[in-house]
Structures are given as C-alpha cells and as structure tokens.
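In what follows, a structure is listed as structure tokens, so that the remarks can point back to it.
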Amino acid sequence: MRWSPQSLPPGDTIRLRLTTALDSRKPLLLEVSLPGETEPLGQFNFNFAPVFQMGELPLTRDQAQQVLKHGIVIRRTIGEAPFHLFVSASDSPSTHPSTTNSVPPQVAAIPPLLQPHLMVAGETDRWAEYNKRLEGLDTVQPFGWMEGALLDGVWDLAQATHSDGFANGYSNRMNLYLRGDRLIYEDPKSCPCDDRIFGIEDTLPFAAIAQTHPDHPAIDLAIAFWKNHRRPPGFAEGCVQDGGLCSAEGSYTVGYPLMRVGRLRNDPQLISIALDQYRIRKQLLVDEDQNIWLRNSNGRRTMKNWARGVTWYFLGLIRGIAEAPDSVDTSDLRAEAVRTMDWVISHQQDNGLWRNLFDQPSQTIDTSGSSGIAAALAIGAKTGILPDRARTAALKTKQGLTDYLTADGLLAHGTPSNRSPEAQSNRRVIFPVGMGLCAQMIAALQSE
C-alpha cells in the first residue's frame, strides 16, 4: 500500500489507521511493516470486528516519513477467513493517497477517515474536532443499534444548537438507508437486508425515522415486527425479543422507538406494548441486590453490571418515559428511573466515568457505556424525570471523557462490540457508538 508523494505535515501525534469494510466474526491480527523490513511497525487487532471498526497504530515522525516514502506491507498473522479493509476508490489500490492532517484524498464514495490514512496533529480543540466528525459521515455505523445511537445524538445536537452542520449530517446519514419508499441496509453479518427487519437491535433507528419521516413505509415494517415478536403467554409474556432472549438492549432498541411511534400515531396499543417492555425488563433483568443484567435467557441471567448493558436499560427507560403521552401513567417507571440513577451514581468513578463491569476493580473504564449512562442522566434531568443531581453527575462525565478524545475528535477507549468474551475484558477500541451516546448527553446538557 503506497501513498501519493507529499510531505509530512507538522505535529507529533501520528497514527496509522485502518478500518474494516465487512463484518468479521473470527480472531484476526494484522502485522504492518515497511517494505523489505523484517521488524514490524506494529499490529492491528481486529478480532471479531464489525463493519467500520477502526484500528490505529502510533508512529514516530521518522516512521511516518518512511511510510509516506516507501508505503507499507500488511500481513495477516492470525486468522484464515476472508477479511476486508476500506481503501480508496481509485483504480489502483496500491497508489491511494493519504489523509495526513487536513489534506483529503480525491475520492467521492468513501469518507477519508475510513480509508487507510495517517492522522498527524499538534495541539487541537478536541471537542471542536468531535463536532466535525459528527457533521459528516466519518462515524457512520451499521444500521441498527450502532447507527441508531448516532442518529439520536446528531439529531439531538442539531435541535439543541440549531446547527446546519449537524442537521446536514443527520440528513446525510438518513439518506444512506431511506431511498424513496425503500429501506436499504445490511444485517449485522454484512448481508443485504432491504425492506425487512433482521432483529430487535435493528429497530432503534425507527425512533429517528418516525421523528423526521413519520409516514415512511418502513415504519410499518417495524410495527409488524414488534407485534409479531412478542413472547406468548408464559415466561416473559409480551416481551418483544429474538428467540428466548430477553435483553437490556430491547429497552432502548424496542421500548423507546415503540413509544415514539405510538405517540406520534396516537396508537394506544403500541404505547401499551412499549410500557410492557420496561416493566418486563425490570422484572427479569434487575435482581434483588439492584444489579442490572444484560440478558435473561429463559430464567438464566448473564453479564451483570456491564456498562453498556446498563446504558441500554437506563437510556431506553428514560427516553421512553420522556416520549410517553401525559395521559399515560408512568409513575412506577419514574420511580425505577430514580432508583437506577442513585445506583449508577454510587458506582461512578472519581473521573466521572464507569468501569466496563461495575463491580470488578480490575476492569478499566468504558467510554461508550459511560457516555450512555451520562446521556440517560442528562436527558432525565432535562425532562424532569430525574432530580438535578443527575445533571451534575453527567457534567462530571463530560469532563472525564475529554481525556479520551483523540486529536481529531474520535472517542477512544470504548469496549468493543459484544460478540466475544473480549467485551468483558480490558480490550478497548475506538467505537463511534460511544460518540452518538455522548452527543445525546451533550445536547441535553446544552439545552438546559
């Protein structure tokens, strides 16, 4: 892989980055070296990587100069299944340009940040850079829970700031998936899934679609899916779920969009189904010691106090209550929201963030889960569901996240996608989902 001739811009923060182009569900390690050199520059861990998973490798200025001059060789040292990276749209993959500093390559389809590039920076305003990343398609994610969190965040920021940049960013994201009356996307395994619903985690974006495209035919697909995936009488009766698995994800990916669609369509049945999602999950996912579990599979709970699982439970609950019509009794859910608030604040670390697994001191913090928990706190305070101490806790989180922004505004140190035991380890990645959750928090704090 070679770069076009150019000089290295000033700056001592240098990262070589690669981004996955198709879903991968196998262990995979890439080794990067200069041509003809036996000593590698470093490695990229893409184990079980979803689409748009970015990896980065720190380089010295001397190493970066050599990369620009000679290019790089990428070898796979672990893994056998086919694996794909984004490259430029040029006819010759071996001569694609770099994205050093602010110099973009001349390609149309693939955002520069997703192409192999050298990021070179000096001192930057990291939050200003963060905003720029959300105004374009740099942080696009797979349709479903990942992109849904970003659609919510970018929309919220557009409303809170009245920014054309965020408004355009939101529209450009939505246009990737809504083509006329069609819904165009790929399922979590990178297979075409047009005009149908793959699973409950794919229905989060319908909260955004209903907000800005209330009459789009795809909403009827979601409604039919929700109704057809309610569990029959017996264990977890009425829970909208995939198979036998009641998950915390469904609080955010089902309950919240269901409530919004029900309110906008003035449909008491949909509102009732939405309320059921929160009450069932409280019963099945919260134990007698107030711990919150990610999943309950026919009575067996797994993944206790996982930060992003707590996010799905808490953020979905808060956003669902906020969407509920005034005529609907949500007093029990409001009490649960306050209880959850007190519980999460009791686990907040001194830097304002939360460990990946709350009750395991060996675990490092997770910026994605921390962003989502703080989003729930901030939105709850803004809407009056939670008292002022929730806003205070969210402000503390925002300050703590600053240390984990890259020079170009990406949120680092997030727990990877939950598709292997690594989601319960101390492995951390750049995971844009956290940026969408963070955006929801920031918007709620700004609109006070």
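The values are calculated or read from the model by the stated rules, or taken from the named source; none is laboratory data. Bear in mind the structure is a predicted one, so any value in this text is a computation, not a measurement. Cβ atoms come from the backbone with ideal geometry, glycine included; neighbour counts cover every protein chain shown. Protein only, heavy atoms only, side chains kept; ligands, DNA and RNA dropped before computing areas. Shrake-Rupley method; radii C 1.70, N 1.55, O 1.52, S 1.80 Å.
Annotation: extensible slack from Asn298 through Asp164 equals 43.5 nm (criterion: 0.36 nm per residue apart, minus Cα-Cα distance).
Give the accessible surface of the chain per residue, rounded to a whole number of Å², with probe radius 1.4 Å and ligands, DNA and RNA excluded.
Spelled out: the 1.4 Å probe surface of the chain, per residue, equals 40 Å².
Dipole magnitude for segment 299-400: computed about the Cα centre from +1 point charges on Lys and Arg Cβ and -1 point charges on Asp and Glu Cβ, it is near 300 debye. Would you mind counting up the charge near Ser368? Only other residues with Cβ under 11 Å from its Cβ, with Lys and Arg at +1 and Asp and Glu at -1. After counting each charged neighbour, the total is +1.
Label sites at Asp12 and Thr212, each approximated as a point 7 angstrom past Cα along Cα to Cβ, lie 4.1 nm apart. Surface composition of the chain: carbon and sulfur atoms hold 48% of the protein heavy-atom accessible area at a 1.4 Å probe. Of the residues Phe198, Ala222, Phe431, the one whose Cα sits farthest towards the positive end of the charge dipole of the chain is Phe198 (charges of +1 on Lys and Arg Cβ, -1 on Asp and Glu Cβ, taken about the Cα centre). Mean separation of Cα pairs under 8 Å and 6+ residues apart, divided by the residue count of the chain: what relative contact order is that in percent? The normalised contact order for the chain reaches 14 percent. Net length available on complete extension from Ala109 to Asp125 is 3.0 nm, with 0.36 nm assigned per residue and the Cα-Cα distance removed.
Charged neighbours of Gly148, selected by a Cβ distance under 10 Å, balance to -4 (K, R count +1; D, E count -1). According to the calculation over all Cα-Cα pairs in segment 181-273, the P(r) per 5 Å bin from zero is 3, 14, 25, 26, 19, 10, 4, 0 %.
Each 10 Å bin from zero holds the following percent of Cα-Cα pairs in the chain: 4, 21, 32, 25, 12, 4, 1, 0. Using only side-chain charges placed at the Cβ, +1 for Lys and Arg and -1 for Asp and Glu, the dipole size of segment 139-218 relative to its Cα centre rounds to 120 debye.
Positive-end ranking of Leu395, Trp145, Gln6 along the dipole of the chain, with charges on Cβ about the Cα centre, is headed by Trp145. Which FRET efficiency value, to the nearest 0.05, do you get for Ser425 and Arg25 by plugging their Cβ-Cβ distance into 1/(1 + (r/R0)^6) with R0 = 25 Å? For R0 = 25 Å, the calculated efficiency reads 0.90.
Comparing Cα centroids, segment 266-333 and segment 365-439 end up 20 angstrom apart. Computing FRET efficiency as 1/(1 + (r/R0)^6) for Asp287 and Gln446, where r is the C-beta to C-beta distance and R0 is 22 Å, gives about 0.05. Using the Cβ-Cβ distance between Arg265 and Arg179 with R0 = 25 Å, the FRET efficiency computed as 1/(1 + (r/R0)^6) comes to roughly 0.60. Straightening the chain between Glu39 and Arg196 buys 51.7 nm, computed as 0.36 nm per residue apart minus the Cα-Cα spacing. Put simply, when 433-440, 244-251, 44-51 are sorted by average Cβ atoms within 10 angstrom per residue, most first, you get 433-440, 244-251, 44-51.
Legend: distances between Cα atoms for Lys26/Lys227; Lys26/Lys396; Lys189/Lys304; pairs beyond 32 Å are Lys26/Lys227; Lys26/Lys396.
A 1.4 Å probe, protein heavy atoms only, puts the accessible area of Arg2 near 120 Å².
With both labels modelled 7 Å from their Cα along Cα-to-Cβ, the Arg389 to Ile78 distance reads 4.4 nm.
Between Ser171 and Arg61, the modelled label-to-label distance comes to 4.3 nm, taking each label 7 Å out from Cα in the direction of the beta carbon.
Taken about its Cα centre, segment 342-438 carries a charge dipole of about 140 debye when Lys and Arg each add +1 at the Cβ and Asp and Glu each add -1 at the Cβ. Placing unit charges on the Cβ atoms of the charged side chains and taking the dipole of segment 153-241 about its Cα centre, the candidate lying farthest along the positive direction among Ala160, Gln211, Pro188 is Pro188.
For the listed peptides 204-215, 10-21, 224-235, 290-301, a ranking on the average number of other beta carbons within 10 Å per residue, highest first, reads 204-215, 10-21, 290-301, 224-235. What the phi angles of segment 82-88 give under the Karplus curve with 6.51, -1.76 and 1.60, with θ = phi - 60°, is a coupling list of x, 9, 10, 10, 5, 10, 6 Hz, glycine and proline written as x.
Ranked by the mean number of other Cβ atoms within 10 Å of their residues, highest first, the peptides 256-262, 171-177 come out as 256-262, 171-177.
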